[in-house]
Structure formats: structure tokens, C-alpha cells
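Encoded as C-alpha cells, the structure appears first; notes follow it.
What follows draws every value from the coordinates through simple rules; no lab data is involved. Fair warning: this is a prediction, and the values are worked out from it, not measured in the lab. Don't worry about glycine lacking a Cβ; one is built from the backbone with ideal geometry, like all the others, and counts go over all protein chains shown.
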Amino acid sequence: MGLTLSEKIWKSHVVVPAEKPGDNEIIFIDMHLIHEVTSPQAFAGLRNTSRKVHRPDLTIATADHNVPTTDTDKEIKDPIARLQLETLAKNCEEFGIRYFPMRDKNQGIVHVIGPEQGLTQPGMTIVCGDSHTSTHGAFGSLAFGIGTSEVEHVLATQTITQKRPKTMAVEVEGTLPEGITAKDIVLAIIGRLGTGGGIGHVIEYRGSAIRALSMEGRLTVCNMSIEGGARAGMIAPDETTFAYLEGRPYAPKGKLFDEAVEYWRGLQTDQDASFDKTITIDATHIKPGVTWGTNPGQVTTIDGCIPDPDSISDEHEREAARRALEYMALRPGTLIKDIKVDTVFIGSCTNSRIEDLRLAASVVEGHHVAKDIRALVVPGSMRVKAEAEKEGLDRIFTAAGFEWREAGCSMCLGMNPDTLSPGERCASTSNRNFEGRQGRGGRTHLVSPAIAAATAIVGHFEEPKNI
Amino acid sequence: MKPVVFVTGKALPLERSDVDTDQIIPSEWLKRVERTGFGAGLFSEWRDNPDFVLNQPQFQGANILLAGRNFGTGSSREHAVWALADYGFQAVISSKIADIFKNNSTRSGLVPVEVAEDTAVFLFQSVLSNPELEITVDVEKRLVEIPNLGYEAPFSLDEAAQKRLLLGLDDIGATLEFEQDIAAFEKSRPEWLPTTGVGKV
């Protein structure tokens, strides 16, 4: 029987196979991405045991979670954040790891810089101490988040020990309606799967609607695989992938590039392979998604309304919906478009790439954000920022009343000064609407950059066509 | 890591599903560079509420967390495991536990006890009606037991994780025994794969 894409990549990276099915295997890691938050204890562990970093040349570091997005030319005010960033710089220097610190022209969110540098390539195994590592699967690589103990393990051995994951196909067939984005696709998928539906599985996104996406769109879809509980998400590489990679700083050059492409073309799920689970989504019916609750599976569409928990049959989901509505201060039956917001955040590893910014800018151009709305755009990387400025997007945003920031994770998780206040409601292009995620007591609604931009202009959830 | 064979004690019933790691330990706590001291931040956004189960006197001293379905979802932060362990929990029972959390917990000696839905329902009922009830998690037999009720039910835990807990294994040490296999694999890697060009060994 044939193999799925994830099985092929897994198989080609086994260093020590399982003794019997279901056992752990030792898997080689082609690229290890690190950042300030989940690495300090791992480096401390190496020091305590007098171990070295086995492959510094397959390790790359950036500062993203903690960094402020204003006044980056000054010293960081928060002493704990500053110490964590200094610790990363010191660790990278001591262990010989390339590091893109704050202010570097290559700095940015770890899941934005991997692809833009060409460090993320088809067929690779990629890990990072961050659950959104699934993003890199957009290139047909097997990429997943790990905890700090595993970060230490990868630093010391350039391998991980894990059990072979199960496989799931998510088929998205048909042509997307006008104005529907990758974010809407993935919100629709998570709405179907629920937050735990993908546990134990690697998802392969397939179908004509997925193949039609740009690399940026594919990155957005794969990014949120973990929100459905999946260990990873991936899309088989094709001409779109190869064209994106060619000429990137760390992509192979000349003859090596041709050799690589030849190999990459084989990275497809075999015709006779089977998945452990398959779900199918009709792309022609997808509408702009808006979450109403406190997990990404609690989602409806822009023309929808807040559901009535009493109408939910599953007892756990009903109780979770009740709690979520209480936290979100929302009533059943309220139209999504009637919900007013205080803040709009365009950024995060889900939606902070150049295409996302172009889309948002095209919506806000010639308009101004509604009264009393705080709106910020945080580019995913300094390279994205530079490109956007070259295209004049920054001027469109600032003319419309948006704040134009430096690169980082920012308000996605509120580890830097960009946070929501208690009760503040935010339309956010990020990936998690958990309680307190963007700041204690903050209320998050996940949307696409198009919806976020339109919402900023009118002050309540809205589609671009209606502003 | 210390070996864990049995966990015995009282359970604390957290009747919520989809508890994510942002709830277990909010991101403001993640700026620390140490591995200890996270217990003070455990469920910190809920702890202000005196009615929150962690604040209820009858459940003080519990060392087993009995949680709703789909526990530990979201971020990969191992800090969530450190916070639970630092607070005093040695095992987490739930009918569904998120992958990364499960993986992280066995590497820090916290036992992830994934039980059937009906087992979880029974445990919640039993603990809510008698908070003093003693529960035992037997890692070797993969059983949850309530000796006073003569109750036992299996839980799932893959063999590698079970072995890691029972023997208190140092995973890195174990992998480094295969140093030669790793070296041989490295020689076979295609030339086009990226390197950062620094610190080449």
C-alpha cells in the first residue's frame, strides 16, 4: 500500500526505528527554530549536564514573543522580558547559534521568518517550542510544536523521540466565493473538527481550493492546525511552492535547486495510500468566519448570530458555550454585525505576511477607522515591514488611523506591552480567542484581515463590500 | 526525573472542558527563565474568585487534578506542566488530553491519565460526593483505582511514556546512546538541505 505525504517524510527521517508498532522512534530534525520564551530552561539544562548543541548549523533563533513593537531603539522597559531576551542572546553566542535579535533586518515572528528566509523547505522535519510550528507544513514539510524538555533534547541530539502520528485528510473542494480568504477556510475547518478533533493526527489539506491558494494562504491554513488539536498540518508542494522558494536566502541555488525540485515533486500522497480519517469541506459554501466564544471551534459566519447554548446537544459543548458567552458578555441571538469592537489587531503568525497587509490596506484605503477604535498593524517580520513600506502600505494604514508597528507576536498573546484591558473587545487576525489570551479580561474575536480591516472602519463586524 | 510508580491522594475536580494552557499558566508568567516557581501562577485568572475549586477548603491538599474533556489544549508551553507540578499535582485525569501537553507532562514526571468518558463521569461523581476519597493512579498497571469503592478502570498511556515515568528516564541520555546511528543518518542527508552556515560542527 502507498504512503501519505506525512508518512513519507516521517519514514525518511527515522534514525532508530520502533521495535514494534506504536513504540517511539528517533526522528532526525532538519531545522530547529528557537525563540526567547521556551528556550532558556533548555539551555540551562544543557549547561547543567555539560552537553553541547549538536547542530548549531541546523538551529536558528529569533526574538518575537516578548519584543515591544514601539520604541525598539530604546532599552526594553519590562525587566523580566529584557532578561529573557538577553538570555537568548547570551545562549546563542555561547552555543554558536545564528540569532536575529530585535532591530535586525531579518528579525520577526519565528513562523514568518522560516519561510521568508527559505529555511522552510518541502520534505523537511521542523520543530520549535511553539505550537504554531504547524505553519511550516504549508511547504510540504512535517513541522510541529514541542515543549521545552524536547527543545533541550533537540538541541543536544538534533532528534526527537516520538510515536508515528495518525493521518487525516481534510479535502477542501471547489472554488472559493469572491472575498473568501484562507483564514475563513481554516475557521470553517476548525468549526467542523472542534478543538480536539485532530488530536494524535497530522492533517494533510488537499483539494482544489487548497491548491489554488498562494503560499501565504497555505501558511495561514496550516498555522491553525493545532487549534483543531492536530500535531501538524501540511500541504503537498507544487509549482507555487517551488516558485516561492527560488531565490530565497537559504534556498538551494543553481543545480542544487533543480535537484531539490526533482525530489520535492515526489512528495505527494500516493494514489493508493489511505488516511486514518477524512473530512470534506465544500469550498463554494464558505463564508467569512468570526469566532464568538473562547476557543477557535466556537465560530460562526459574518452573517450569523450568537448561538443559543440550549440548542447545543453535546453536554460539554453546551456548558462551554454558556461559560464562553458569559466571559464574552454576549447574548444568544445577537447578530454578529451588531457587535461593536474597541480594538482591531492585524498581525500574528497567522495573518501578518505581505499578502495579508496588502489585503487589509486595500480595504481601508480612502477610509478612516471609526471613532474611539484602536487599530494596529504589526508586520510579521522586519522584511515584511520593509516590503510593505516600499509598496506604501504603511502610509495607507496610518492615513486611515491605524498604528504601524515593528515586527513581533505582539497582541496575539500579549506578552509585550500590546494587550487588551479587562472587558475590551477585539477583532483579531490571530489564532486564539482563549480567555485572557490578549490580556486579562480581554474579549477576542478571530477574523480574517479583510474582516478586521472593514470592522476597524465601521466599528462593528462588517464585510469590506459594505463599507 | 524521579521515577513515578503510583500516585495516591485526593482529587480536585475541575469541571470545565477545553481548559487551555493559557488558562493553566497565563503568558505574563512565561517571561521567566527558571523552571521553578510557576505554581503561584497556576490558573491565576480564575484564582481571584473565592468560589473557584482551587480555593475550596474541602479540596485542599489534592495531588490529582480531575479535569474536563480536552485538557491542556493550545500553546506548547511546558510551563503549564511545571505550574501544575509546582503547585503539587502529580497526575491529571481527563477523558481527552491534548498531544503536546501529554508529551510535556511525562517529561516532567506529571502522569497524564487519559480515561474513558464514563470513567471520568464516575470519578467526578465520586469525588464531588466525597472530596476525601482516596484515588490511586497505578502507572505500571495503567489503572485508576478507588480502593474504598472497590473500583478500578484502565487508562491509556503509551509504553514509551510509561517507561519514562516508571524509570524516571533521562531521554537525552537514552538517545545519545544512538550517537553512531545519528552520525550515520547525518552523512546520508541531501546536500540541498539548508544550514544557517554558522557554528558548523
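A few comments on the model shown:
- In order through the stretch A:204-217: 3J(HN,Hα) via Karplus (6.51 cos²θ - 1.76 cosθ + 1.60), integer Hz, x for Gly, Pro: 10, 7, 9, x, 5, 5, 6, 5, 6, 6, 6, 4, 4, x
- Spatially proximal lysines relative to A:Lys163 (Cα-Cα < 25 Å; intrachain offsets below 8 disregarded): A:Lys8, A:Lys11, A:Lys20, A:Lys277, B:Lys2, B:Lys96, B:Lys102, B:Lys141, B:Lys163, B:Lys187
- Distance between the stretch A:414-441 and the stretch B:11-30 - C-alpha centres, whole angstrom: 16
- Cα centroid separation, the stretch A:1-36 to the stretch A:222-285 (Å): 16
- Three-way shape call for the stretch A:243-350 based on the alpha-carbon gyration tensor, with the a/c threshold at 1.5: prolate
- C-alpha center-to-center spacing [the stretch A:151-190, the stretch A:338-405] in angstrom: 26
- Amide H partners (placed H, <5 Å) of A:Glu171, local residues excluded: A:Arg206, A:Ile279, A:Thr280, A:Ile281
- Rounded to whole numbers, the Karplus 3J(HN,Hα) couplings from phi for the stretch A:30-37 are 7, 8, 10, 9, 10, 9, 5, 7 Hz, using 6.51 cos²θ - 1.76 cosθ + 1.60 with θ = phi - 60°, and x at Gly and Pro.
- Sparse-neighbour loop sites [trypsin sites (Lys or Arg not before Pro); the stretch A:314-420; at most 13 other C-beta within 10 Å; DSSP]: A:Lys371
- Förster radius 56 Å - calculated FRET efficiency between A:Ala399 and B:Asp158, Cβ distance, rounded to 0.05: 0.50
- For residues of A:158-169, the mean tally of beta carbons on other chains within 10 Å: 3
- Karplus-derived 3J(HN,Hα) values for the stretch A:112-123, using 6.51 cos²θ - 1.76 cosθ + 1.60 with θ = phi - 60°, are 9, 6, x, x, 5, 7, x, 7, 9, 9, x, x Hz; glycine and proline are entered as x.
- Length-normalised contact order of chain B in % [C-alpha pairs under 8 Å, at least 6 apart]: 25
- Shape class for the stretch A:392-467, computed from the alpha carbon gyration tensor (a ≥ b ≥ c): oblate, with a/c not under 1.5 and a/b at or below b/c.
- Chain B: antiparallel DSSP beta bridges as a percent of all, rounded to 5: 50
- Beta bridges from DSSP with both residues in the protein assembly as shown: antiparallel share about 30 percent, rounded to the nearest 5.
- Burial ranking of peptide ranges B:84-92, A:341-349 (average Cβ count within 10 Å, highest at the top): A:341-349, B:84-92
- Global form of the stretch B:52-201, assessed from the alpha-carbon gyration tensor, a/c cut-off 1.5: prolate
- In this structure the amide hydrogen of B:Gly68, modeled in the peptide plane, comes within under 5 Å of the amide hydrogens of B:Leu14, B:Arg16, none closer than 5 places in sequence on its chain.
- The three principal axes of the Cα atoms in the stretch A:322-467 give end-to-end lengths of 47, 34, 22 Å, sorted in falling order.
- Taking amide H as placed 1.01 Å from N in the peptide plane, the amide H of A:Cys305 sits under 5 Å from that of A:Ile336, each at least 5 places away or on another chain.
- Global dimensions of the protein assembly as shown from alpha-carbon coordinates: Rg and Dmax equal 23.6, 72 Å.
- Based on Cα contacts under 8 Å between residues 6+ apart, chain A shows a relative contact order of 17 percent.
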